[in-house]
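A.B. asks: One structure coming up, written as structure tokens, with questions to follow.
The values are calculated or read from the model by the stated rules, or taken from the named source; none is laboratory data. Predicted model, so just to flag it, every value in this text is computed and none were measured. We place every Cβ from the backbone using ideal geometry, glycine too, and count neighbours over all the protein chains shown.
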Amino acid sequence: MTTGNRLLIVGAGQAGVQTANSARELGWRGPITLLGAEPHAPYARPPLSKAFLGGTATAASLALRTPEFYADHRIDLVLDERVRHLDLAGDGTGSAVTGSGRTWDFDRLVLATGAAPRRVPLEGAHLDGVVVLRDLHDATVLARRLDTAERLVVVGGGFVGLEVAAAAAAAGIRTTVVEAASSLMNRVVSPVTSEVVERAHRACGIRVLTGVRPARFVDDAQGAVTAVELDNGVRLPARLVLVGVGADPRDDLAAAAGLHCDNGIVVDDRSLASDGHTLAVGDCANVPDPSPVSGPAPRLRLESVDNAVEQARAAATTLVGSPQPYRSVPWFWSDQGGLKLQIAGLAGPDDDIIVRAGKRPGQHTTLRYRGSHLVAAECVNSPADCLAVRKALAAGTALPREAAADTRIPLKQHLSTALTTLRG
């Protein structure tokens, strides 16, 4: 690889930083520029809805790397520059122009542009006090408002919404969660696990309303929210409303540059976009399912730290000319007050369920089966079970349903025995 090859990474989140780091480690000798749209040095996002709101994490403590790291690895970190336009040539070279008018030329381009919080197209969505949470600025605004809030309504019963609800309830704020679906987190966990989580939140004093959705946000006649009116006519008083209904990929730059986009920038298992040269990683990328066991969909977007790191590492092998397909067992976690939910693998709505009650109060593991294959696990306050399933899925370990249902034996022991049998 020649030292003149200029690598430009657009997006300075977890995926962008990992791509730069891994490219250097694998031998990229040319200049690396990491462009961040925010004024802050790259930081970890997951704690924003938990430790940051709870006051146990600061902006400084969330930093992904020290300033010395970027200097030592010869990574030119440029902050507060949002790319507005890309010029791409047929060979993957080109230039990027930012809002300030600056231009960066590149020989290889990586898009790590992330995702943007989804808004709800409702009356009053623009009102003061109706907020979202995606970045450090959002979290700072939310934390400041929580200091004086008496009531909070959370629209959306997903990871972020429930994490914020737990933090608010712990601070003594009267909190209501409004979820349009019939159960919390219904797209990512089984009804059994959803019920366990809902019970835990109710026990903390959180009001949970499912099967209803907001109809409008009520104006106090001075431009601020004063209540959330639901589609069943119920009005929930609130001066603070968090909208947590998911995120959309930031793929507008890629689409404008002529790259194929469909719920994100469509890439192959080497992270290459439709032009065969540009790479996309992290939340903005639509990837082939990397699971050892085929999931419910051949393609998907994975919004997780694990995916950002593992896909970026694989993408770096493509950059240096030794591509290794992206293969990994997806896993996710969510800390919601005293509840730690961990998910290993990708389950579908039609997958079977085997429940293993924990030995201690608050523990719970749900195993998901597709036919005779173990494909995922949902673990509440059971990190050992999650780790065991991750290892088993990666190794292709078969665990018969009958064995999985036997709760007298720890799951780790079941899987260890099955792995020994597999190795013969």
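A.B. asks: Here is a list: Gly246, Gly205. Which entry is in contact (Cβ under 8 Å) with a residue 60 or more places away in the chain, surrounded by fewer than 20 Cβ atoms within 10 Å (Cβ to Cβ) and under 24 Å from Ala143 (Cβ atoms)?
C.D. replies: Of the residues listed, the single one that is in contact (Cβ under 8 Å) with a residue 60 or more places away in the chain, surrounded by fewer than 20 Cβ atoms within 10 Å (Cβ to Cβ) and under 24 Å from Ala143 (Cβ atoms) is Gly246.
A.B. asks: Let me ask you something else. Got a number for residues in region 269-310 being surrounded by fewer than 17 Cβ atoms within 10 Å (Cβ to Cβ), touching a strand residue (DSSP E or B) at 6+ places or on another chain (Cβ under 8 Å) and among the hydroxyl-bearing types (Ser, Thr, Tyr)?
C.D. replies: Of the residues in that region, 1 qualify.
A.B. asks: In region 298-348, which residue that is out of contact with any helix residue (DSSP H, G or I) (no Cβ under 6 Å at 6 or more places or on another chain) and acidic (Asp, Glu) is farthest from Phe106 (Cα to Cα)?
C.D. replies: My answer is Asp335.
A.B. asks: Oh, and also: Does at least one position in region 23-36 carry a residue that is in a helix (DSSP H, G or I), within 22 Å of Asn307 (Cα to Cα), small (Gly, Ala, Ser) and over 17 Å from the mean Cα position of the chain (by Cα)?
C.D. replies: For region 23-36, residues in a helix (DSSP H, G or I), within 22 Å of Asn307 (Cα to Cα), small (Gly, Ala, Ser) and over 17 Å from the mean Cα position of the chain (by Cα): present.
A.B. asks: Please pick out the residue among Val218, Val266, Val177, Val241 that is modelled with pLDDT of 95 or more, crowded, with 16+ Cβ neighbours inside 10 Å, not assigned by TED's automatic domain parsing to the domain that holds Asp135 and not acidic (Asp, Glu). Break it down into steps so the answer makes sense when it comes.
C.D. replies: Details: Val218 fails: not assigned by TED's automatic domain parsing to the domain that holds Asp135; Val177 fails: not assigned by TED's automatic domain parsing to the domain that holds Asp135; Val241 fails: not assigned by TED's automatic domain parsing to the domain that holds Asp135.
One residue alone meets the criteria, Val266.
A.B. asks: Kindly check whether there is at least one residue in region 101-122 that is under 22 Å from the mean Cα position of the chain (by Cα), closer than 24 Å to Asp335 by Cβ and among the polar types (S, T, N, Q).
C.D. replies: Checked region 101-122: no residue is under 22 Å from the mean Cα position of the chain (by Cα), closer than 24 Å to Asp335 by Cβ and among the polar types (S, T, N, Q).
A.B. asks: Right, another one. In region 124-215, which strands (runs of 3 or more DSSP E) lie fully inside it and hold 3 or more residues that are of a type in the set (A, V, I, L, M)? Give the steps one after another, and end with the answer.
C.D. replies: On the way: elements: 151-155, 174-179, 207-210.
Of the strands (runs of 3 or more DSSP E) lying wholly inside region 124-215, those with at least 3 residues that are of a type in the set (A, V, I, L, M) span 151-155.
A.B. asks: Next question, about the same structure. Are there helices (runs of 4 or more DSSP H) fully within region 302-411 with at least 3 residues that are closer than 29 Å to Asn263 by Cα and at pLDDT 95 or above? List them.
C.D. replies: The qualifying helices (runs of 4 or more DSSP H) are 305-319.
A.B. asks: Does region 257-296 hold any residues that are in contact (Cβ under 8 Å) with a residue 24 or more places away in the chain and among the small types (Gly, Ala, Ser), and which are they?
C.D. replies: Ala257, Gly258, Gly264, Ser271, Ala273, Gly276, Ala280, Gly282, Ala285, Ser291, Gly295
A.B. asks: For Ala254, work out the one condition from (1) in a helix (DSSP H, G or I); (2) exposed (fewer than 14 other Cβ atoms within 10 Å of the Cβ); (3) in contact (Cβ under 8 Å) with a residue 40 or more places away in the chain it doesn't fulfil.
C.D. replies: (2)
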